[in-house]
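The structure under discussion appears below in the form of structure tokens.
The values are calculated or read from the model by the stated rules, or taken from the named source; none is laboratory data. Just so it is clear, the model here is predicted, and its values are computed rather than measured. Cβ sites come from the backbone with ideal geometry, for glycine too, and all protein chains shown count toward neighbours. Heavy atoms of the whole protein, side chains included, go into the accessibility calculation; ligands, DNA and RNA do not. Shrake-Rupley method; radii C 1.70, N 1.55, O 1.52, S 1.80 Å.
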Amino acid sequence: MIFFYQMYDYVLGEKEIIATLKNETHTQRFTLKIITPARKFVYMSYGGGLVKISRLYDVNGQLIHARNYSDEIKNEVKNFKRQLKIPYFQLWKGFLYTIVVLIIAAIIFSIKNKIKTNDLKGQSAHLTEQLQALKPGQLYGISNFTDAEGNSVNGLPESWIKIVKIDQDTIYIQRSKQTIPVKAMFEMSHISSIKPKNESEWEPNLEKISYPFLKSQLSESDKMSYDAVYIGDDKEKYSGIVFTLKGAE
């Protein structure tokens, strides 16, 4: 069995002494160790050094309980403890290394998140710019609320639309037949694999989208997406927003 967490005695110092135990008259040779309880986690030092504790062993390696210490031994222990320093860095370095790693990881994540945010802002700015100069042939990435027949869909799948033509207040679009599950953050690269390569990969029917409704949203600042509503004669089967434009090619 592998143990990732371990308590152990960190030896601060060790020496041989000759002394007499409490209530005894003959001297003996002992090994005196001063230890501090410490911890390891995944083989790295993770704390310790809160107290100094004596360990006294006779020549047979038998541990002598502190209640059997004579005054002479107590003085040896006291003086020896004074000489020894607790190496806090050695005992806590695993914990410190972990903090450093977490800080570095947080910095890297923050930088990556900032880059991602800037990319999304750039994607949104490009989308707005393209919509302000709308023309046939443009391709956009969308999240679908309905399919091309006006039926509700689950999960807001992502796909493509193509601007086919613009006639006064009406935008005629085609949707791509293939969709892809939605991501937390919309990215054009996410839908690149389903971009139609030929006409057969687009829905055959044209959908009519309100141009004035789309234009009204372009005046709103800091928008990152734009909703589209259907205005065909059969619009009663479409409920509200049919899709949201989130990116432009």
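For this structure, a couple of remarks:
- Where chymotrypsin sites (Phe, Trp or Tyr not before Pro) in DSSP loops with at most 13 other Cβ within 10 Å are excluded, longest remaining stretch of the chain: 44-249
- Selection from Leu206, Ile194, Ala184, by position along the positive dipole direction of segment 146-221 (Cβ): Ile194
- Loop sites in segment 1-108: trypsin sites (Lys or Arg not before Pro), DSSP, at most 11 other Cβ within 10 Å: Lys85
- The residues packed around Met7, meaning those with a beta-carbon under 10 Å from its beta-carbon, carry a net charge of +1 if Lys and Arg are +1 and Asp and Glu are -1.
- Size of segment 5-86 as Cα extents on the principal axes (Å, biggest first): 48, 26, 19
- This structure gives Rg and Dmax of the Cα atoms in Å, computed directly, and of [x] 20.1, 60; [y] 25.6, 81; [z] 37.3, 114 that value is listed as [z].
- Under 15 Å, Cβ to Cβ, from Gly61 - net charge with Lys/Arg +1 and Asp/Glu -1: -1
- Computed from Cα atoms, the angle from the helix 71-83 axis to the main principal axis of the chain rounds to 40 degrees.
- Each residue was assigned an accessible area with a 1.4 Å probe, and for Leu84 the value is about 30 Å².
- For Ile171, net neighbour charge (Lys/Arg +1, Asp/Glu -1) across residues whose Cβ lies under 12 Å away: +2
- Solvent-accessible ranking of His190, His65, His126, largest area first, probe 1.4 Å: His65, His126, His190
- In Hz, Karplus ³J(HN,Hα) per residue of segment 145-158 (6.51, -1.76, 1.60; θ = phi - 60°; x = Gly, Pro): 9, 9, 8, 5, 9, x, 7, 5, 10, 9, x, 6, x, 9
- Remark: accessible surface ordering of Val153, Val59, Val101, Val11 (largest first) is Val59, Val101, Val11, Val153, probe radius 1.4 Å.
- Cα gyration tensor shape for segment 161-230, rounded if a/c is under 1.5, else prolate or oblate: oblate
- Measuring with a 1.4 angstrom probe and ignoring ligands and nucleic acids, Ile18 comes out at about 100 Å² accessible.
- In this view, the solvent-accessible surface of Glu129, computed with a 1.4 Å probe and all protein chains in place, comes to about 120 Å².
- Between the amide H of Tyr10 and those of Thr36, Ala38, distances stay under 5 Å, these residues lying 5 or more places away or on another chain, with hydrogens modeled in the peptide plane.
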